[in-house]
Amino acid sequence: MTESAVIVLEELPPPPSDPEYAELGGVPMAAKYGLKQSGKRPALLDYVRVLWARRHFITGYATAKNRALYSDAKLGQIWQLLTPILNVAVYDFVFGFLFNQSRGVHDFLLFLVIGVFLFNFLQTAMVYGSRSISDQLVLIRALHFPRACLPISATVIQLQQLAFSMVIVLAVALGTGQTPTWRWVLVIPALVLLFLFNTGMAMIVARMGSVLTDTSQLLPFILRTWMYVSGVMYSLASVLKDHPFFEHHPWMINVAYYNPAALFITLMRNCLMTNDYAVKYAWQSPLYQPPGAWLIMLGWAVLVGIGGFVYFWKAEEQYGRG
Amino acid sequence: MAEKQTILPSQILRAVQGVEGEHSLSDEEIVQMRAQILEERAKRRAEAATNKPTVIVDNLNIIYRIHGAGTGRGSATGALSRIVSRRTSPTVKEVHAVRGISFVARRGESIGLIGRNGSGKSTTLAAIAGLLPPEKGGGVYTDGQPALLGINAALMPDLTGERNVIVGCLAMGMSKAEAKAAYQGIVDFSRIEDTNPHAMSLPMKAYSSGMAARLRFSIAASREQDVLMIDEALATGDAKFQAQSEARIRELRESAGTVFVVSHSMGAIRDTCDRVIWIEAGKILMDGDVDEVADAYETWSKQS
């Protein structure tokens, strides 16, 4: 039964070829039986279709991840509320008390919580988005699903966290004597646009993070700079007003106000805060809303949302590489 | 009869060779069973030869490009200018891992890939799964989407076993109801609750590598995959689970799927595969019947 002869690799006969393959060749044979090139990126519309079919995976994965987030902590799910509260307490102490930034801003606490929570949504969506591919290589390699599920899931997780934060925002608004008006309803379309924008950003950094590991190193610095130029903890007006640079380059004021992070935050503040002196001081008011704000915001959301999706889809076949 | 089914082809082969004498079978029975195994295998292979192909590997070449090899980290300014100008780094080393492999796999085939470490087995599987883009002039064509099970740790380490099963099912494209329906079957098959009744409510990072491998295999094997590829994924399971998952592999093969197995255990290869491809230095050395190729490989391994 056993071969006792010595085996010399060079002397082995060439392996037999499949007769049909030898006759037809690879590509015609694949065409004959309707086989598809493995790992080939589907067309954009097909991609959208399979992505929609996996929507339960996206939400199921996000919910499971969210529940697991604080499972190691003793206080458990209470941290969902405690984390944003502590965040605001720190910022209120530093910027409201130490730096006394509340000058000129009525209801500084409400002003602060909206800024901090909304920017935090953008920030965490991008940080977790950038790692969503590189951290889940095992899952990507074992099971086949459209990879865009992962950065979208990362953003959904942050949206779920934002829901807790929004409860605090509403509590602060009511607690500081704001009366609900019809403008409060506008919070919902604003959040939809912000979600679209953040998903696009998450997909862009997810693709970058999947090939360039330096992305996650660099991202915190970019995000911190973005936070400080977006009037999160203080009003943009208080910085722009007497600054020599902006006096010489007045067009930069528009750049500052139309930057998506500042625009989203300003709009949300104007939805929830009474704003009777913005008209008087124009761009020097802490709640100044630049003209066409909603339209520009829609533009940002569509541009970055769709652009990010297409950018991510273009490298779909490469994400398993690691 | 029941006794007969638990005796695996590799055990019979060893008995024929007279290597292991611990069994209750007479010599005639052994010869008879060996003949039966060979006959069934020849029949299966003859049938499979005319089946529809599921995987066509056509002159596959895979080159890994490894950054920063040789000269350490390189200078920061150099790296920046390369990123800006999109030039490839001079320190990139190319590793030609798979060199012009061609073969066709058909429905009902179970194919073992053998060869030394670094010979290109896992790279070939990754390319079939569509994870590694092939070089120009060749390609991999598949029927449906192949699933690849590797040796790696948990799917989603911070989630509980229960969540891993449900979310894993959803990722494979099941609906919520289908995932719920499949759940108990997967847990039962994995036998994870045999040793610890609370195992499913523990995060998967708390599992031993064997437990994690069992659950992962159970999830991926729960669905009728057209092409299932197992890369040493069963090596960490205990003997009982290995026997059970090998039975599942034979089942998948019978339900007209194609199964690829990478393993260094010739016993596992002989028990699950009809056909074996021996890969050495990125090229196919032999491609044929399991006994013929495995014997040659074992002889060659011993002589050097």
Quiz item: For residues in the stretch B:107-127 being surrounded by 23 or more Cβ atoms within 10 Å (Cβ to Cβ) and β-branched (Val, Ile, Thr), which is nearest to B:Arg250 (Cα to Cα)?
Solution: B:Ile111
Practice problem: Tell me which residues, restricted to the stretch B:251-266, are more than 14 Å from the chain's Cα centre (by Cα) and at pLDDT 85 or above. | Solution: none
Exercise. Assess whether B:Pro146 counts as being surrounded by 22 or more Cβ atoms within 10 Å (Cβ to Cβ) and closer than 23 Å to A:Tyr33 by Cβ.
Key: yes
Quiz prompt | Matching residues in the stretch A:291-322 - criterion: being within 14 Å of chain B (Cβ to nearest Cβ) and either assigned to a helix (DSSP H, G or I) or under 14 Å from the mean Cα position of the chain (by Cα) (or both) | solution = A:Glu316, A:Glu317, A:Gln318
Exercise. From the list A:Ala53, A:Ala62, pick out the single residue that is surrounded by 16 or more Cβ atoms within 10 Å (Cβ to Cβ) and within 30 Å of B:Ala126 (Cβ to Cβ).
Key: A:Ala62
Quiz prompt | Which numbered condition A:Val105 fails, given (1) in contact with a Ser or Thr (Cβ under 9 Å, 6 or more places away or on another chain); (2) within 19 Å of A:Gln161 (Cα to Cα) | solution = (2)
Quiz prompt | helices (runs of 4 or more DSSP H) enclosed by the stretch A:1-115 - at least 1 residues per element that are β-branched (Val, Ile, Thr) and within 30 Å of the chain's Cα centre (by Cα) | solution = A:44-53, A:55-69, A:79-91
Practice problem: Would you please list the contacts, defined by Cβ atoms under 8 Å and residues six or more apart or on different chains, that run from a residue in the stretch A:7-25 that is more than 15 Å from B:Trp300 (Cβ to Cβ) to a residue that is at pLDDT 80 or above and among the polar types (S, T, N, Q)? | Solution: A:Ser17/B:Ser102; A:Tyr21/B:Ser102
Practice problem: Determine which member of the set B:Ala177, B:Ala182, B:Ala206 is of a type in the set (Gly, Ala, Ser) and either within 21 Å of the chain's Cα centre (by Cα) or more than 13 Å from chain A (Cβ to nearest Cβ) (or both). | Solution: B:Ala182
Practice problem: Among the residues of the stretch A:91-136, count how many are touching a residue at least 40 places away in the same chain (Cβ under 8 Å) and under 20 Å from A:Arg55 (Cα atoms). | Solution: 5
Practice problem: Evaluate the following for B:Glu251: is it within 11 Å of another protein chain (Cβ to nearest Cβ) and free of Cβ contacts under 8 Å to residues at least 40 places away in the same chain? | Solution: no
Quiz prompt | Entirely in the stretch B:1-101, the helices (runs of 4 or more DSSP H) that have 3 or more residues that are touching a Lys or Arg at 6+ places or on another chain (Cβ under 6 Å), at pLDDT 70 or above and closer than 30 Å to B:Cys273 by Cβ | solution = B:9-17
Exercise. Residue by residue through the stretch A:62-81, note down the ones that are touching a strand residue (DSSP E or B) at 6+ places or on another chain (Cβ under 8 Å) and among the hydroxyl-bearing types (Ser, Thr, Tyr).
Key: A:Ser71
Exercise. Would you mention how many residues in the stretch B:127-153 are assigned to a helix (DSSP H, G or I) and more than 7 Å from chain A (Cβ to nearest Cβ)?
Key: 1
Self-check item: helices (runs of 4 or more DSSP H) (entirely within the stretch A:153-242) containing at least 1 residues that are among the basic types (Lys, Arg) and under 30 Å from A:Ile253 (Cβ atoms)
Solution: A:215-228
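The values are calculated or read from the model by the stated rules, or taken from the named source; none is laboratory data. Small disclaimer: the values here were computed from a predicted structure and weren't measured. So basically every Cβ, Gly included, is an ideal-geometry build from the backbone, and we count neighbours across all protein chains shown.
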